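One structure below.
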Amino acid sequence: MRIAIEGLGLVGGFGFGADALRNALKGNLPSPGTLRFPYGDDSIEAPAFMADTAPLDQFVTKRSLRRIDHFSRMALLGAYGALDDAGRLDSDPARLAVVVGSGYGASATTFAFLDSFIQDGDSCSSPTHFSNSVHNAAAAHISISLKATGPSLSVSQFEMSVPSALLCALQMLRENRADRVLLGGVDEACAVLGYCRQRFFGAPQGPFDPLDFGRQSAVAGEGAAFLLLSREGQGEARYGYLNDVQMGRIDQGGLRLPEKSALVLGADGHQGCGRLYQSLPIQGRAHVCHAQAYGSLPVGPAFDLAAAALSLKDDRLYPGTESLGDRSLCCLKLAEDGNFGLVSLSG
Amino acid sequence: MSFQSPVAITGIGALCAVGSNLNECMESLYAGRRKVAAPGAFSSSHGTAWPVCEMAALLPGEQEQDAEPDLLRTSRLGLAAAREALSDAGLQAADLSRLRVGVIMGTTVGSAMNNEAFYRQYRQGEHPEMAPIERYLRSNPAAAIARAFALSGPCQTVVNACSSGTDAIGLGASWIRAGLCDLVLAGGADELCRVTYNGFSSLMITDAGPCRPFDVRRRGLNLGEGAAVLVLESESLHRDWSRNERGWVLGYGSACDAYHLTAPRPDGLGLKKAIAEALSGSGRKVEDLAFVNAHGTGTPDNDRVESRVLSELMPGVPFLSTKGFTGHTLGAAGALEAAFTLACLEQARIPASIGFGCADPELPAAPVTEVTEIEGGCALSESLAFGGNNAVLILGAKRGIGCV
Amino acid sequence: MATVAKLKSILIEDMNLEDIAPEELNADTVLFGEGLGLDSLDAVELVVVIQKHFGVEIKDMEEGRPAFQTIGTLAAYIDEKTAA
């Protein structure tokens, strides 16, 4: 059973909304902002694609965001954006499921929670920070805000978070456990993650180019990308269909690329994964990469799905102008440990 | 949801404070033994040393020289449960290499990048060793199991807070039905962690003594640690191998309260929805249930909502909470309780709900107070979580006991 | 009254009530439910906030309940504990 993509909700370094991402895919790439973090006695300002959640004002009151941190705000904006884009803000919340993937969860709040008891003692641990640091906080805030009483599921396994979340989202629809699923990925760029990146990789070597597989050029990003999904025939497939998702290990022969498909590679400027993309048997097959539009983050594959969906809608293999013709699209994410996630989409 | 075919469970592994494998756990449960004490692995400056249900520093199969393990304790707990489950199923590495084997594990602590020692040094402007971060990056609980057994199927770590273990088993069964895998290792794992300990203390829902689920004197939960893993088998594999199963996943349901980040919805709407979905998928009725393994954390709010829903939807069905034995093991809880539920169905009796002594006039239903014989081939296990998640499993006994 | 004034600014800042001006609050302002709209999670946060700013420990919610009515009752509770 194919799954229709009814709407997209996107926020990241490129701005907010499908048009903002489309603009970046056309080559009007955003300039990275900065992420400042302490580095020993120094502080570093690293380039990073940061997300602004101000457009949330369109959907919810300021008061309702009182206890909601930046991480969950990005997710909330993605979720509302996808429903709005599909014209389904009034969708039946009793049959709406929420499935969220995140590589690191609410990392800034996780460390804010540690701050609360490191500064003031264990008995001053902040319960608000603790509750918001739990990995399913974003999904919970979405379900609560939308009154969505269908299944609410959060998954976390670094770069494979989104393919894995999608696997369960498709199952929920195929098993008729929900009529619509808000499937999304969210990750934030915080100071500690910036510090860790700096320790592991140093500064980016030269300009950010994810297709230059041999070079460590990744620039961090943050944001949320959500897709509103429904069973074929039960909603308008404004962005085409999701056919299938596969996960497995490259070295065990599980990766089979469908004939006649163009590839959206999940490469994001990390040398360690770049080597794996480099050794793929993809000579002669059209392949593109969109990380320059949103940056390097574990849930990059959610943005790749959105970019593929826009390519299907516009019949144009971004960033170029050529038509897709009768080709399908495949989003392929490879992780340094040899795992892959492959999602196939068609118009 | 329409009827779904049962999924065979052919191996079980479980460990927690009251036992280093499933048999030991069940002996403790039936004997009414528990081990609740102030934390040994860490100290804190709280006015009260909130007691916990902790395991020995060395886990089953570990030696002293593993003192600097390259995996987080959560993943090592998961691995121990997976080893026991595979051995229980009589599966060797060679069997697994020929199959498409998926892994789905629930956790909370196992996914959190919150190493305190690293962060304290970072805050002081030092350059800490990166080893704790590298260890965290290696320790995703599902990925660690897949790597240890060289498995090639889908891999997922469910982070649905306290319902994660229940969700993982339900979703794993769905992978089998959908033909995504021949075999799935499904369960949950969580370690005791100072950060989480501070978190639950700050919510003021921990008991200063051993926890008392459903008792009028209940003051909160005790945190615990542990892991459990079930081996789920596809229908064709189960037919070809024709091995004895330990039980069946008959149904799964989940629903969100969409009410509050930390408080359960007073009318139990999400829980009721999840129970209805699980029952309808299993094709069973309330009358078929031999017993219910309740979430029963011992917090005032949780037990109130749960007892209301139990008395309304399943009046007269005996129920218990095993949190008094295990403590609240968070992401592992649903998996441990599924393992216990299967073992109870096998033995046709359930332990006394430890910690319960004095009924709460406000609660319309009370758990069993002694080891109780049960009749019937299926039981329900339920979990309620942060964020309003509710997850429910209907589990069936092996053939010959029930009527699958 | 000093405690009431201090509580007002602490509530606005630490409970993220920035949409409220200090002038809108007084000793009779009800904290929970229909009043300021605080809930059970705010209640436990408030326990921490009071310990941090006033050094007053509220050991459990049974003890805190009578104090957690209005800004005035909470201020009186804090004053009583700090005077002791």
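For B:MET130 and B:ALA93, what does the FRET efficiency come to when R0 = 35 Å and r is the distance between their Cβ atoms, rounded to the nearest 0.05?
Values: r = 32 Å, r/R0 = 0.91.
Computed FRET efficiency for B:MET130 and B:ALA93: 0.65.
What does the structure give for B:113-122 when I average, per residue, the other chain Cβ atoms found within 10 Å of the residue Cβ?
Mean shielding by partner chains, rounded to a whole number: 4.
For labels at A:ASP314 and A:ARG2 in the simple 7 Å Cα→Cβ model, what's the distance in nm?
Inter-label distance under the simple model: 2.1 nm.
Averaged across the residues of A:333-345, what count of C-beta atoms belonging to other chains lies within 10 Å of each residue's C-beta?
That average works out to 1.
Each residue of the stretch B:117-132 in turn: what ³J(HN,Hα) in whole Hz from Karplus with 6.51, -1.76, 1.60 and θ = phi - 60°, glycine and Pro shown as x?
Couplings: 4, 4, 5, 4, 5, 4, 5, 8, x, 8, 10, x, 4, 8, 3, x Hz.
Show me the ranking of peptides A:179-192, A:255-268 by mean Cβ neighbours inside 10 Å, starting with the highest.
On the way: A:179-192: 28.1, A:255-268: 19.1.
Most protected by this proxy first, the peptides run A:179-192, A:255-268.
Between A:TYR239, A:HIS141, A:SER116, whose Cα lies farthest towards the positive end of the dipole of the stretch A:109-247 when Lys and Arg beta carbons carry +1 and Asp and Glu beta carbons carry -1, centred on the Cα centre?
Of the candidates, A:TYR239 comes out farthest on the positive side.
What is the calculated FRET efficiency for B:ARG399 to B:ARG138, with r their C-beta to C-beta distance and R₀ = 35 Å, to the nearest 0.05?
The formula returns an efficiency of 0.30 here.
Which order results if B:HIS238, B:HIS127 are arranged by neighbouring Cβ count within 10 Å, fewest first?
Ranked by crowding around the Cβ, least crowded first: B:HIS127, B:HIS238.
Taking R0 as 30 Å, what's the FRET efficiency between B:GLU370 and B:ALA208 from their Cβ-Cβ distance, rounded to 0.05?
About 0.70, to the nearest 0.05.
Need one value for B:250-257: mean number of C-beta atoms belonging to other chains within 10 Å of its residues' C-beta atoms.
Details: counts 0, 0, 3, 2, 7, 10, 18, 6.
Averaged over the peptide's residues, the number is 6.
Could you pull out every residue, at least 5 positions away or on a different chain, whose amide H is within less than 5 Å of the one on C:ILE58? Hs are placed 1.01 Å off N in the peptide plane, and Pro or chain starts have none.
Distant-sequence amide H within range of C:ILE58: zero hits.
Could the peptides B:390-399, B:268-277, B:239-248 be put in order, highest first, of the mean number of other beta-carbon atoms found within 10 Å of their residues?
Result, highest mean Cβ count within 10 Å first: B:390-399, B:268-277, B:239-248.
Residues with amide H under 5 Å of B:THR108's amide H, sequence separation 5 or more or different chain, H placed in the peptide plane at 1.01 Å from N; which?
Those lying under 5 Å, H to H, from B:THR108 are B:GLY331.
For the stretch B:97-184, which trypsin sites (Lys or Arg not before Pro) are in a loop by DSSP, counting at most 15 other Cβ atoms within 10 Å?
Sites meeting the loop and neighbour criteria: B:ARG98.
Specify which residue in the list C:MET15, C:LEU74, C:THR29 is farthest towards the positive end of the charge dipole of the stretch C:2-83, using unit charges on the beta carbon of Lys, Arg (+1) and Asp, Glu (-1), about the Cα centre.
C:LEU74
At what distance in nm do the modelled label points of C:ASP28 and B:ALA359 sit from each other, each positioned 7 Å from its Cα along Cα→Cβ?
Calculated label separation equals 4.6 nm.
Could you list, in their original order, any pairs among C:LYS52/C:LYS81; A:LYS62/C:LYS8; C:LYS6/C:LYS59; A:LYS260/A:LYS313; B:LYS35/C:LYS52; A:LYS62/A:LYS147 whose Cα atoms are separated by more than 24 Å?
Cα-Cα > 24 Å for B:LYS35/C:LYS52; rest within.
By its C-alpha gyration tensor, with a ≥ b ≥ c as the square roots of the eigenvalues, how is chain B shaped: rounded for a/c under 1.5, else prolate for a/b larger than b/c, else oblate?
oblate
Expected output is a single nm value to one decimal: the length gained when fully extending between A:GLN119 and A:LEU211, i.e. 0.36 nm times separation in residues minus the C-alpha distance. What is it?
Details: separation 92, 0.36 × 92 = 33.12 nm, distance 4.43 nm.
Additional length available on full extension: 28.7 nm.
Which value in nm describes the separation of the simple spin-label points at A:ARG174 and A:ASP326, placed 7 Å from the Cα toward the beta carbon?
If labels sit at A:ARG174 and A:ASP326, their model points lie 2.6 nm apart.
Decide, for the stretch A:3-346, between rounded, prolate and oblate: order the square roots of the alpha carbon gyration tensor eigenvalues as a ≥ b ≥ c, take rounded if a/c falls under 1.5, and otherwise choose prolate if a/b is larger than b/c, else oblate. Each step should come with its number before you reach the end.
Values: a/c = 1.65, a/b = 1.12, b/c = 1.48.
Because a/c hits 1.5 or more and a/b fails to exceed b/c, the stretch A:3-346 counts as oblate.
Values in this text are rule-based calculations from the coordinates and carry no lab data. Model, not experiment: these values are computed from the prediction. Every residue, glycine among them, receives a Cβ derived from its backbone with ideal geometry; neighbour counts consider all protein chains shown.
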